[in-house]
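Chemist: Here's a structure for you.
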Amino acid sequence: MFLLLLSGVLLAWLFSRWLYRTFWHRNLSVQIEFLDRFLYEGETSVLKEVVINDKFLPLPALEVRFSSNRSLEFLNDASVNTSSTDLSYKRDVFSFLFHQKIRRSLPFTAHKRGIYQIYDVSLTAYDFFFHPGYYADVPQKTVLYVYPKQVDTYRIVLLCQAISGMVLSRRRLYPDPFEFSGIRTYRRQDPMNHINWKASARSGELMVNQFDSTTSILLTLIFDLEDPLILKYEDLVEETIRITSSLAARLVKMNMPFYVKSNVTDASASSAFSMYIAAGAGNMRELNQKLACIDSRVCSLPTRELLLAERSLKRSDHIYLFISKNRDAELTQLLLSLIGTGNQILWVLPVRAQDHSPELIHDPRITVIPWEL
């Protein structure tokens, strides 16, 4: 009797091994996907996990494992079975009956700017005897862009007021029909479509709308990420990228055309970062994606070469917005050489509060705005 029972168990075990070895992965699908395509630093989102066992063979236990960047911190129950070393490793266990789908939502917080991708998941299936002999890798393709955090709106507004002051000091070129400044008496050379008929009826003589003038102005926003010293300033470098993103967003709202340039490598072009944003184009998504992908440790050229290349363009009536934590006499002289014919320079200088010194740059031709972390 005991031998018959033992033979039955052995046959069941052999049949189970064959059955699961042959069919466990049939009609089994796993999909892991970020709910959002992009976030800003510090924001929270969800990673969706969908596993389907669409067959009559149950799976007593299925282990799903994948890795992600450790700057994505899983929250609440999603943090269970998660370990972090160089990467963050996540392990989830499912149990399936017949033709069953299980969905899970894994909330997380993105703590750092970057591009986050999950390429594959590893599956380990167990039969009723819990024999861990069934393995497979399932390719995945899900991408999340974590954009630079937008800095304090009030500080950016003050910065934009400084830019506006530079724009208003420019040589007036033509009237701007969107900048209404008052009403005056009609002159023979005034176009008819400028006549204000209501004001004319009240005054008894022809009155016209008067418009302020604007300038044909172009800006170049240069952000410097060179960090040449042994002691690195990653916090100031990251703040430089945040200021760049926030200031660019504000310039787009102000309907200004501008260039964005840097000495850091553009990952999508394998060359120094350079991008033109037309007035009102609003292509901030493309810019933020590029900023998210930047590896601040990889610079295409030194700051000196970047400024020399810009000087060779010999621009005039131009505004340079320079964002850099670096400050020395050579850098100041290179910036002064950009002034040329009617150019203006605004230097945003990220500094740590404890490093802030009143003796930064003293030259009336450069407007310096210290930016304390």
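Chemist: At 7 Å along the Cα-to-beta-carbon direction for both Asp137 and Ala267, put a label point, then send me their distance in nm to one decimal.
Modeler: 2.1 nm
Chemist: Right, something else. Which semi-axis lengths, in whole Å and largest first, follow from the square roots of five times the eigenvalues of the Cα gyration tensor of the chain? Walk me through the numbers before you get to the answer.
Modeler: Numbers: eigenvalues 755, 154, 50 Å².
The answer is 61, 28, 16 Å, longest axis first.
Chemist: What's the ranking of 301-311, 151-161 by average number of surrounding C-beta atoms within 10 Å, highest first?
Modeler: Details: 301-311: 16.9, 151-161: 13.2.
Per-residue mean Cβ counts within 10 Å order the peptides as 301-311, 151-161.
Chemist: From the P(r) of the range 27-147, can you give the percent of Cα pairs sitting at distances over 26 Å? Before the final figure, lay out the partial values.
Modeler: On the way: 1584 of 7260 pairs.
Value for the range 27-147: 22 percent of Cα pairs lie more than 26 Å apart.
Chemist: Also: Mind ordering 116-122, 257-263, 326-332 by average Cβ neighbours within 10 Å, highest first?
Modeler: Numbers: 116-122: 16.4, 257-263: 21.6, 326-332: 14.1.
The most tightly packed comes first, giving 257-263, 116-122, 326-332.
Chemist: Averaging sequence separations of C-alpha pairs under 8 Å and six or more residues apart, then dividing by the length of the chain, give the relative contact order as a whole percent.
Modeler: Working: 718 pairs, mean separation 45.2, N = 373.
Normalised by residue count, the contact order of the chain is 12 percent.
Chemist: I need the phi-derived Karplus couplings for the range 81-93: 6.51 cos²θ - 1.76 cosθ + 1.60, θ = phi - 60°, integer Hz, Gly and Pro marked x.
Modeler: Rounded to whole hertz, the list is 6, 10, 10, 10, 10, 6, 10, 9, 9, 10, 10, 10, 10.
Chemist: Long-range amide H contacts for Arg70: which residues qualify at under 5 Å (H placed 1.01 Å from N, peptide plane, sequence gap of 5 or more or a different chain)?
Modeler: Ser88
Chemist: May I ask what percent, to the nearest 5, of DSSP beta bridges between residues of the chain are antiparallel? Could the numbers behind the result be given before it?
Modeler: Values: 62 of 89 bridges.
Restricted to the chain, the bridges split so that about 70 percent are antiparallel.
Chemist: With +1 assigned to the C-beta of every Lys and Arg and -1 to the C-beta of every Asp and Glu, and no other charges, what is the dipole magnitude of the chain about the Cα centre in debye, to the nearest 20? Kindly include the intermediate steps, with their values, before the conclusion.
Modeler: Numbers: 42 positive and 39 negative charges, 209 e Å.
My answer is approximately 1000 debye.
Every read-out reported here was derived from the displayed coordinates using simple, explicitly stated rules and does not represent laboratory data. Keep in mind that this is a model prediction, so the values were computed, not measured. Positions of Cβ are generated from backbone atoms using ideal geometry, with glycine treated the same way; all protein chains shown enter the neighbour counts.
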